[in-house]
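Taking it in order: structure first as structure tokens, then the write-up.
Throughout, read-outs are computed from the coordinates displayed, never taken from laboratory work. Keep in mind the model is a prediction, meaning the values are calculated, not measured. When we count neighbours, we look across all protein chains shown, and the Cβ atoms used for this are built from the backbone with ideal geometry, even at glycine.
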Amino acid sequence: MSARPEILVELPAAQPFAWRFPLERSALVVIDMQRDFVEPGGFGESLGNDVRPLQAIVPTVRALLDAWRAAGGFVVHTREGHAPDLHDCPPAKRNRGAPRLRIGDAGPMGRILVIGEPGHAIVPALAPQAGELVIDKPGKGAFHATPLQAELQRRGISHLVFAGVTTEVCVQTSMREANDRGYECLLVEDATASYFPAFKAATLAMLTAQGGIVGWTAPTAALTGALAAAARRPLEETP
Ligand code: C5J
């Protein structure tokens, strides 16, 4: 009996050149779409940032999630946060800058970036569904001090599609960690945001420079269109 052919999703207009991914060996990784970063009163705003650019992508990330889920793709959500005793938050992280509230301090959404507090939760519109993997991470990268690598290997995942916030901090760090571990990676251009639009633009440019030194980028519409086209294509036509 022959094995079922893989569903290959084609993105001919990805940057810096066409990308394709095998849906069953791919995961959508949504980075840190938490109230603490996206909503007023959280960690992001306590650092002096305007959270509106992050709020603006929530419907786009939702559209991407909807399309990925409808295609039967595997979803990973990450949450940045620390244990209540902050043993996993080194001073090198906690003492950065001069925020109004530091990690662990009490804010309007509970203790800032502490696991289990209201601000640590993923925004309701993007809440994880049953069967999706949620990775709690103490650092910027999704692989550092987490079980993500083991979970992806266990499922035979080889390709990662990234979305979430912030583009130049946790998203970029995670994508670089993933590429170093051998994953083929794509960042969804309009499903990621930064408090600093110039940093977002620079990140997209540097990830794809030099022939895609870290990976590829493409807009959400390209992903959702390609997923729908792959679903319509009879399996025997899959190239
Ligand atoms: C930050 C993140 N910016 N999720 N975290 O501290 O990018």
In the range 118-130, residue surrounded by the fewest Cβ atoms within 10 Å (Cβ to Cβ) [restricted to those that are of a type outside the set (V, I, T) and touching a residue at least 40 places away in the same chain (Cβ under 8 Å)]: Q129
Unique match (being among the small types (G, A, S) and touching a strand residue (DSSP E or B) at 6+ places or on another chain (Cβ under 8 Å)) among A130, A163: A163
Matching entry among F143, F162, F199 (being assigned to a loop (DSSP other than H, G, I, E, B), in contact with a helix residue (DSSP H, G or I) (Cβ under 6 Å, 6 or more places away or on another chain), within 16 Å of the ligand (Cβ to nearest atom) and not charged (D, E, K, R)): F143
Residue within the range 70-85 that is farther than 29 Å from G211 by Cβ and over 22 Å from the mean Cα position of the chain (by Cα) present: yes
In the range 165-196, the residues that are over 16 Å from V30 (Cβ atoms), away from the ligand (no atom under 15 Å from the Cβ) and not basic (K, R): N179, D180, G182, E184
The range 10-65: number of residues that are part of a helix (DSSP H, G or I), in contact with a helix residue (DSSP H, G or I) (Cβ under 8 Å, 6 or more places away or on another chain) and touching a residue at least 60 places away in the same chain (Cβ under 8 Å): 17
Any hit, the range 194-208, residues being in contact with a Pro (Cβ under 9 Å, 6 or more places away or on another chain) and among the polar types (S, T, N, Q): yes
Criterion violated by W68 - all others in (1) surrounded by 20 or more Cβ atoms within 10 Å (Cβ to Cβ); (2) within 16 Å of the ligand (Cβ to nearest atom) satisfied: (2)
Residue match in the range 176-184 (condition: touching a strand residue (DSSP E or B) at 6+ places or on another chain (Cβ under 8 Å), assigned to a strand (DSSP E or B) and surrounded by fewer than 20 Cβ atoms within 10 Å (Cβ to Cβ)): yes
